[in-house]
Ligand code: ADP
Ligand code: MG
């Protein structure tokens with residue numbers, strides 16, 4: 001599904017160059033559930049943003065579903081994002097003046113799907129995340145866990161190949177974290193590939209493979225016995 005070879009990334013901070021990713025090698029197959037851990041500033045978000053075609057590598061290889069991700073125009077990058085990738089963020093990134101249903105339907109708008117079908121499919125995905133009764137509510141009328149469920153429905157609605165989640169439970173209490181991870185486990189069991197960045201060991205234990213970044217290199221990469229949530 002995803003192949004990364006000897007990938008490097010630096011940021012130019014004016015005075016000096018900050019070498020954030022130093023020769024990353026990582027291959028992820030379809031259906032995997034991978035957590036990426038590492039201390040703050042270790043490059044987790046940078047790696048996830050490159051995987052998500054939100055940022056560009058300096059050198060190395062990145063292939064997504066067999067396609068080399070290299071020197072893409074903004075239009076092509078957006079096309080690949082919308083075709084292959086679903087995003088979940090710590091801060092939910094919902095649009096405040098749009099209802100839950102409208103937020104979930106939005107990616108289909110960018111794919112020129114007619115309104116009736118958009119809303120129909122958005123309702124199906126709201127049902128999937130247990131929020132059918134909240135379709136007409138605005139984000140500020142919902143709890144953090146509900147907002148993240150809306151964001152998950154929005155990420156799923158285009159049936160992407162890979163879901164990328166950067167600290168998806170970072171703003172949630174432990175009970176809500178449990179519920180969100182249980183939902184992600186269900187989605188993974190249905191076959192979806194998921195990559196989650198987290199600093200919470202409990203969250204990592206609920207995935208199937210744990211990659212640890214340290215000082216810009218992969219310090220360890222292990223398949224683990226998943227703690228399955230009931
Ligand atoms: P993590 O997600 O593991 O906390 P990041 O990938 O966000 O780490 O950041 C890695 C390092 O790169 C940090 O030192 C951060 O300050 C720096 N960094 C991240 N994004 C930028 C940017 N756009 N410009 C300059 N430096 C950046
Ligand atoms: Mg980060």
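Please treat every number below as a calculation from the coordinates, not as lab data. All values derive from a computational prediction rather than experimental measurement.
Quick look at the values:
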item: Residue with peak Gaussian network fluctuation, the chain [Cα springs, cutoff 10 Å], from 106, 18, 47; result: 18
item: Highest-MSF residue in the chain out of 166, 202, 133 [GNM, Cα springs under 10 Å]; result: 133
item: Considering only the chain, percent of DSSP beta bridges that pair antiparallel, nearest 5; result: 55 percent
item: For region 133-152 versus region 14-70, the gap between their alpha-carbon centres in whole angstrom; result: 30 Å
item: Residue of 111, 148, 185 that the Gaussian network model of the chain assigns the largest fluctuation, springs spanning Cα pairs under 10 Å; result: 111
